[in-house]
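Report on the following structure.
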Amino acid sequence: MKDTILNVKGLKKIYHDRKSEIEALEDINFTVNEKDFISIVGPSGCGKSTILSILAMLEEKSGGEVILKDNISIGYMLQNDSLFSWRTILDNCLIGLEITGKLNKESKNYVLKLLKTYGLYDFKDKYPSSLSGGMRQRVALIRTLAIKPDILLLDEPMSALDYQSRLAISDDIYKIIKNEGKTAIMVTHDIAEAISMSDKIIVLSKRPSKVKKIYDIKLSNKSTPINNRKCKEFSKYYDMIWRDLDVHI
Amino acid sequence: MYTYSKEHKEYLKKLKKEKIIVFIFRFLIIFIFLIGWELLSKYNIINNFLSSSPSNVLKTAINLFADGSLFKHIGITLYEVILSFVVATAVGLIIATILWSNKTISKIVDPYLTILNSLPKVALGPLIIIWVGASINSIIFMALLINTFITIINIYNGFIATNKNYITLLKSFRATKRQIFFKLILPSNYITIINALKINISMSLIGVIMGELLVSKNGLGYLIMYGSQVFNIDLVITGVVILGIISYFMYFIIEKIEIYVRNKRS
Ligand SMILES: Nc1ncnc2c1ncn2[C@@H]1O[C@H](COP(=O)(O)OP(=O)(O)O)[C@@H](O)[C@H]1O
Ligand SMILES: [Mg+2]
């Protein structure tokens, strides 16, 4: 049995602005075990990004509890790659280390090793404008990995890419996360992507959202995300989740 | 050695040809203008007393150079322009930074900035002379009134338009406001800042000349004013021509800085 490293209990979030208040999250409960790959799916605007923002401590919660195991650190990968055009690929990957004051020879070597392992070493002195969308996304992931987080939060990491690159990159990202032994929580609106990558899928209801269902994904001969799409259980999960999400039924 | 394809060579040739055409026509325009002006005034088709002529302008410039006053006037005007430019740049950057880092302050001063920026400062000229006195100080004061607010506003607007995703990214690493400023706001706004400097340099020149026309005993503005008072049109036009050359050079320097910075990071 794997250790639980994150426990979300009764999480609540209300956004306030001058004219109104928006109850985004009503009652969110889930647990995350070490090295799990978890996906969150739900109708658009239901509060998926909000959950990640709260976990990344970018937003304050309005109620409930987020219990992290001791010494667990969190890295956040935004939907947009947000690479700085005036920094080289290497310098982009080092920004988190600079900010957290952890930039030294050792941490830099770790980043260089990541760039080497994931086929970006030759581009380390280039600027982001010369990279393809998929490569930029990998750079963004390495930038997040550089600070050695235990849990990675991924907000629709592939949504800016075309379908072909999405498939390839989801394989890449999955491999990188598994190789580096990380725990991941990914938000996506693509059901197939969620099933092909995750151990567990959390389905949210529409806003104000609650957890509608949690699926443990059990695929026979599970391998890479692209191959997982061919497993016989795949369509069964797809239909169930699709039905959960369709508000008109 | 990398060799280009035939099509690419042709493309480069076309670019070169275009460059030559631009150069020739630029030269032709000024050449025809000067020759035309010279001839028209030489044969008195236009009143050569009122409209001067290129040769008279040249003569006047040489005379001014010979008695040493040319560089004195240029020097004083340049000094005033550079001083007010530097002060406005520093003040602009500092105030824009304060406004960026404190939303409440920026909300409070916003209407005042708008009013001060849109107010025609020339109208304050006589008042400035009374307050500050008819000295170089009031020239600098005039220039600062004209160039500072627009510099603040341009830089500040660039700062607050910085991509929000970038800020979120840095915040996810728990960046402090100071880190966000130096790692993101400043480097991502270099084009905005250079553009603000370009506007600043034009405004500084306008402000200084305005001030010199009003109070000065020295400088190119004074030269122009004096020339018109004694009806020496040659002197007036010589002053204007020198001013044109100076402002072109200042612009040129900022452009070089811009190209240097751009090349350094791509
Ligand atoms: N900073 C904010 N201020 C006010 N409302 C917000 C803010 N961020 C998100 N919301 C609202 O909260 C709801 C959930 O947003 P979000 O978490 O981005 O949804 P999702 O990622 O599932 O599409 C939406 O209705 C959105 O309009
Ligand atoms: Mg979202």
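Summary of computed values
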read-out	value
Scan of segment A:196-210 for residues that are of a type in the set (A, V, I, L, M) and in contact with a Ser or Thr (Cβ under 8 Å, 6 or more places away or on another chain), ordered by number	A:197, A:201, A:202
From the options B:153, B:194, residue that is touching a residue at least 24 places away in the same chain (Cβ under 8 Å) and either closer than 25 Å to residue B:241 by Cβ or in contact with an Asp or Glu (Cβ under 9 Å, 6 or more places away or on another chain) (or both)	B:194
Those residues of segment A:107-125 which are touching a Leu at 6+ places or on another chain (Cβ under 7 Å), assigned to a loop (DSSP other than H, G, I, E, B) and surrounded by 11 or more Cβ atoms within 10 Å (Cβ to Cβ), in sequence order	A:124
Matching residues, segment B:143-172, being touching a Ser or Thr at 6+ places or on another chain (Cβ under 7 Å), within 14 Å of another protein chain (Cβ to nearest Cβ) and surrounded by fewer than 22 Cβ atoms within 10 Å (Cβ to Cβ)	B:162, B:165, B:166
Residue, farthest from residue B:201 (Cα to Cα), within segment B:215-252, restricted to residues that are free of Cβ contacts under 8 Å to residues at least 12 places away in the same chain and in a helix (DSSP H, G or I)	B:229
Unmet requirement for residue B:140, which otherwise passes all of (1) at pLDDT 90 or above; (2) open to solvent by 70 Å² or more (accessible area, probe 1.4 Å)	(2)
Lone qualifier among A:186, A:135, A:158 - being within 16 Å of ligand 2 (Cβ to nearest atom), without any contact (Cβ under 8 Å) to a residue 40 or more places away in the chain and of a type in the set (A, V, I, L, M, F, W, C)	A:158
Any chance residue A:74 is within 19 Å of residue A:181 (Cβ to Cβ), more than 16 Å from ligand 1 (Cβ to nearest atom) and touching a Leu at 6+ places or on another chain (Cβ under 9 Å)	yes
So residue A:137, is it open to solvent by 70 Å² or more (accessible area, probe 1.4 Å) and under 18 Å from residue A:157 (Cα atoms)	no
Residue within segment A:213-223 that is more than 28 Å from residue A:68 (Cβ to Cβ), at pLDDT below 85 and either within 16 Å of ligand 2 (Cβ to nearest atom) or under 11 Å from the mean Cα position of the chain (by Cα) (or both) present	no
Residue list for segment A:143-165, filter: more than 14 Å from chain B (Cβ to nearest Cβ) and either closer than 30 Å to residue B:264 by Cβ or surrounded by fewer than 21 Cβ atoms within 10 Å (Cβ to Cβ) (or both)	A:150, A:161, A:162, A:163, A:164, A:165
Index of the failed condition, residue A:49 passing every other in (1) over 29 Å from residue A:134 (Cβ atoms); (2) within 14 Å of chain B (Cβ to nearest Cβ)	(1)
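The values are calculated or read from the model by the stated rules, or taken from the named source; none is laboratory data. These figures come from a predicted structure and were not determined experimentally. Every residue, glycine as well, gets a Cβ built from its backbone with ideal geometry; the counts of neighbours run over all protein chains shown. Calculation scope for accessible area: heavy atoms of the full protein, side chains included, ligands and nucleic acids excluded. Shrake-Rupley method; radii C 1.70, N 1.55, O 1.52, S 1.80 Å.
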